[in-house]
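Asker: Quick one: the structure is below, questions incoming.
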Amino acid sequence: MDLNKYKNLKRGIQDNYINVNPIQRGGVLTGEARKALLEFGDGYSVCDYCFDSRVDLVQKPPIRDFTMDVAKFLNVDEVRFTAGCRHAMWAIMHTITEPGNTIVLDSLAHYTSYLGAEANRLDVVEVPHTGHPMFHIDPEMYAQKFEEVKRHTGNLPVLALLTHVDSRYGNLANAEAVGKICKQYGVPLILNTAYSTGVMPVDAKKLRADFLTCSCHKSWAASAPIGILAASSEWSYKVFGKSRITGDWSGCSFNKKEVALFGCPPVFGAPIATLMASFPTVVERVKHWDEEVRKACYFVGEIEKIDGICQIGHKPKQHTLINIESPSFHAVAGKDRRKGYFLYRELKKRRIMGVRPGMSKSFEINTYGLSWEQVKYVAEAFKDIALKHGICVEP
Ligand SMILES: *Cc1c(COP(=O)(O)O)cnc(C)c1O
């Protein structure tokens, strides 16, 4: 065993690099979070003054107040922290469904939505998208699928899930319309906001979502792993159900511990401390979402000047996650001895990280939180690479 390889672990990304990795933009720590990370980096560091057996009830540091402030920020009744968005989705499914039940979800849902259903032994019915190039989800299709499930199984689905912004095309779904349909049918709705809350304004009540699931390491400038499960008061008693078990021999009971959150969710150090420290910035930054979208639209306009480059998904962009089809880059990659890696290497030379190595046929990037100067620099870099490899670029 060579233990030397664990010495001086480095990420290999210098400070002067521009990272456009879709999953990493919204999770970049704020300066305040970096300080909190040093202060609370030790294991169970927020448990010094825990008297109520749960992390959301700790008063020093002020997590109890923070829990209520997050609920206000999202306009929901109750909030808990989870080990990520996937844990939040799993926990809702686990507490309000029975094995063999059917749920309806959009066909752009994240793999962790499907795995949550699988782990809870649920049948999944998908709402189709419109396919290439828009990949649009029509809200009316939820009503159709509800009827279909009822015809086939005799019952309405027990739960619906909508991905607010999907991770492939960065499409913003019409959550309010889906929320309205779910209310009409009396089917509870999970709005999966992994790519929306924390970067853009989201109001659960306005969108008629019974649950929100959030990813704070993706979109709230926090260290992993941490997510949020938000629920309306109608459902909170069920999803935040407490332990009723008593040990016959030990005589112990755990009646404050919430079962689907593992009693106390495993966020009691760097994750909750960094999330809290970034919160004032997050509250402020969602107000500037329009400007972020303008940068994304500008980027698309510029990169589409390259011959054969086309943004797919909703157009114009309503989110900063951008999916680009690039057959012209792919053709270059075919001739290049470095194959698909040519794009990765060319970008790296220009200090741009985050386009997956080996990808050239299509790729995703996220401009969230980049300055105008950086967005322009990245767009120019792509054009420069195209010209260098003989691809035409409109002036
Ligand atoms: C990233 C992502 C997830 C997973 O989030 P975690 O917090 O890492 O569990 C779930 N759903 C969507 C739509 C995502 O983009």
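The values are calculated or read from the model by the stated rules, or taken from the named source; none is laboratory data. This one's a predicted model, so the numbers in the text were calculated from it and none came from an experiment. Cβ placement follows ideal geometry from the backbone for every residue including glycine, while neighbour counts extend to all protein chains displayed. Surface accessibility is based on the protein's heavy atoms, side chains included, excluding ligands, DNA and RNA. Shrake-Rupley method; radii C 1.70, N 1.55, O 1.52, S 1.80 Å.
Asker: Out of Val267, Val283, Val259, Val293, report the one residue that is in contact with a strand residue (DSSP E or B) (Cβ under 6 Å, 6 or more places away or on another chain) and at pLDDT 95 or above.
Answerer: Val267
Asker: Could you list, in sequence order, the residues of region 299-321 that are assigned to a loop (DSSP other than H, G, I, E, B), touching an Asp or Glu at 6+ places or on another chain (Cβ under 9 Å) and of a type in the set (S, T, N, Q)?
Answerer: Result: Thr320, single match.
Asker: Okay, next question. I'd like to check something: does region 226-235 contain any residue that is in a helix (DSSP H, G or I), among the acidic types (Asp, Glu), at pLDDT 95 or above and away from the ligand (no atom under 13 Å from the Cβ)?
Answerer: yes
Asker: Can you tell me which residues in region 304-321 are farther than 26 Å from His129 by Cα and buried (at least 20 other Cβ atoms within 10 Å of the Cβ)?
Answerer: Scanning region 304-321 gives a single hit, Ile306.
Asker: Pick out the one residue from Gly263, Gly247 that is without any contact (Cβ under 8 Å) to a residue 40 or more places away in the chain and not charged (D, E, K, R). Lay out the reasoning, then the answer.
Answerer: On the way: Gly263 fails: without any contact (Cβ under 8 Å) to a residue 40 or more places away in the chain.
Matching residue, one of Gly263, Gly247: Gly247.
Asker: Turning to a different aspect of this structure: Scan Ala270, Ala175 and give me the residue that is in contact with a Leu (Cβ under 8 Å, 6 or more places away or on another chain), within 16 Å of the ligand (Cβ to nearest atom) and under 30 Å from Ala33 (Cα atoms). I'd like the intermediate steps shown before the answer.
Answerer: On the way: Ala175 fails: under 30 Å from Ala33 (Cα atoms).
It is Ala270.
Asker: Can you go through Ile272, Ile324 and tell me which one is in contact with a helix residue (DSSP H, G or I) (Cβ under 8 Å, 6 or more places away or on another chain), in a strand (DSSP E or B) and touching a residue at least 24 places away in the same chain (Cβ under 8 Å)?
Answerer: Ile324
Asker: Mind counting the residues in region 150-168 that are more than 11 Å from the ligand (Cβ to nearest atom) and not in a helix (DSSP H, G or I)?
Answerer: 7
Asker: Same structure, new question: Regarding Asn4, is this residue of a type in the set (S, T, N, Q) and either at pLDDT 95 or above or within 16 Å of the ligand (Cβ to nearest atom) (or both)?
Answerer: Yes, satisfied.
Asker: Okay, moving on. Do you know which residues across region 101-149 are among the small types (Gly, Ala, Ser) and open to solvent by less than 50 Å² (accessible area, probe 1.4 Å)?
Answerer: Passing the criteria: Ser107, Ala109, Ser113, Gly116, Ala117, Gly131, Ala143.
Asker: May I pose another question? Name the single residue, out of those in region 178-224 being within 11 Å of the ligand (Cβ to nearest atom) and of a type in the set (Phe, Trp, Tyr), that is farthest from the chain's Cα centre (by Cα).
Answerer: Trp220
Asker: Ok, one more. Within region 2-16, is there a residue that is in contact with a strand residue (DSSP E or B) (Cβ under 8 Å, 6 or more places away or on another chain) and either assigned by TED's automatic domain parsing to the domain that holds Ala222 or surrounded by 12 or more Cβ atoms within 10 Å (Cβ to Cβ) (or both)?
Answerer: Checked region 2-16: at least one residue is in contact with a strand residue (DSSP E or B) (Cβ under 8 Å, 6 or more places away or on another chain) and either assigned by TED's automatic domain parsing to the domain that holds Ala222 or surrounded by 12 or more Cβ atoms within 10 Å (Cβ to Cβ) (or both).
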